[in-house]
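**Q** Structure provided below as structure tokens; questions to follow.
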Amino acid sequence: MECCFTAIDFETAQGYQWSICQVGLIRVEKGIITREINLLVQPPDNYYWTKFIDIHGITPRHTANAPTFNKVWHIIEPYIKNQLVVAHNGLCFDFPVLRKTLEYYGMQAPDYTKHDTYRIFKQNLKSLCQYHNIPLNHHDALSDAKACAELYMMHLDGRY
């Protein structure tokens, strides 16, 4: 496998797409995970909706001292800009979340190639992970990104 790609997942604090509270990023080069990034991010005003806390378990206490997204963008941008980026349900969620968050902070969205493992497999992440025995702590951004990376490698290898 010669393909290099980045798998990414975001958790948000509320229904607004610019409210990232966790970033999970996996870099894969020639079929090997070469980088894992797991960042808690303080959403604007550190404000959360209870419904979202119930989904991912991240609370204002967890992100009270975390940097805002504009302070961590330089860490993840090299893995996104001009790269092939994969996310599960990314076309409906993760890619718009990134664009809206960058807009919120007045930052330019980079060019990158988007692939969506939901569109490839046509099943939700939890079901796919159960079926293919992929470890998953669902709604933990790093775990979701790692599962997405595993699924995309399966796709590239023709195992699905």
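Throughout, read-outs are computed from the coordinates displayed, never taken from laboratory work. On a predicted model such as this, the values are computed, not experimentally measured, just so you know. Glycine also receives a Cβ, built like all others from the backbone with ideal geometry; neighbour counts cover every protein chain displayed.
**Q** Any lysines with Cα under 24 Å of the Lys126 Cα? List them, leaving off those in the same chain fewer than 8 positions away.
**A** By straight Cα distance, Lys126 reaches Lys51, Lys114, Lys146.
**Q** At a 10 Å Cβ-Cβ cut-off, how would you order Ser143, Ser19, fewest neighbours first? Don't skip to the end; give the middle numbers.
**A** Values: Ser143 20, Ser19 25.
Ordered by Cβ neighbours within 10 Å, fewest first: Ser143, Ser19.
**Q** If the reach is capped at under 17 angstrom between alpha carbons, list the aspartates and glutamates near Lys100, excluding any in the same chain fewer than eight residues apart.
**A** Excluding near neighbours in sequence, the set is Asp9, Glu11, Asp45, Glu77, Asp111.
**Q** For the range 29-53 and the range 112-131, write down the distance between their C-alpha centroids in whole Å.
**A** The distance from the Cα centre of the range 29-53 to that of the range 112-131 comes to 18 Å.
**Q** In the range 50-79, what trypsin sites (Lys or Arg not before Pro) fall in a loop by DSSP, with at most 10 other Cβ atoms inside 10 Å? Could the numbers behind the result be given before it?
**A** On the way: sites: Lys51, Arg61, Lys71; in loops: none.
Nothing satisfies the criteria.
**Q** I want to verify a result. In a Gaussian network model of the chain, Cα cutoff 10 Å, which of these has the top mean-square fluctuation: Ile58, Ile75, Ile20?
**A** It is Ile75.
**Q** Angle between the Cα long axis of helix 141-157 and the longest principal axis of the chain, 0 to 90 degrees, nearest 10?
**A** 20
**Q** Then there is this: Quote the FRET efficiency, to the nearest 0.05, computed for Asn65 versus Ile32 with a Förster distance R0 of 30 Å and r equal to the Cβ-Cβ distance.
**A** Values: r = 33 Å, r/R0 = 1.11.
After rounding, the FRET efficiency stands at 0.35.
**Q** Arrange His115, His132, His88 by Cβ neighbour counts within 10 Å, fewest through most, would you? List each step's numbers first, then the result.
**A** On the way: His115 18, His132 14, His88 28.
Ascending Cβ contact count within 10 Å gives the list His132, His115, His88.
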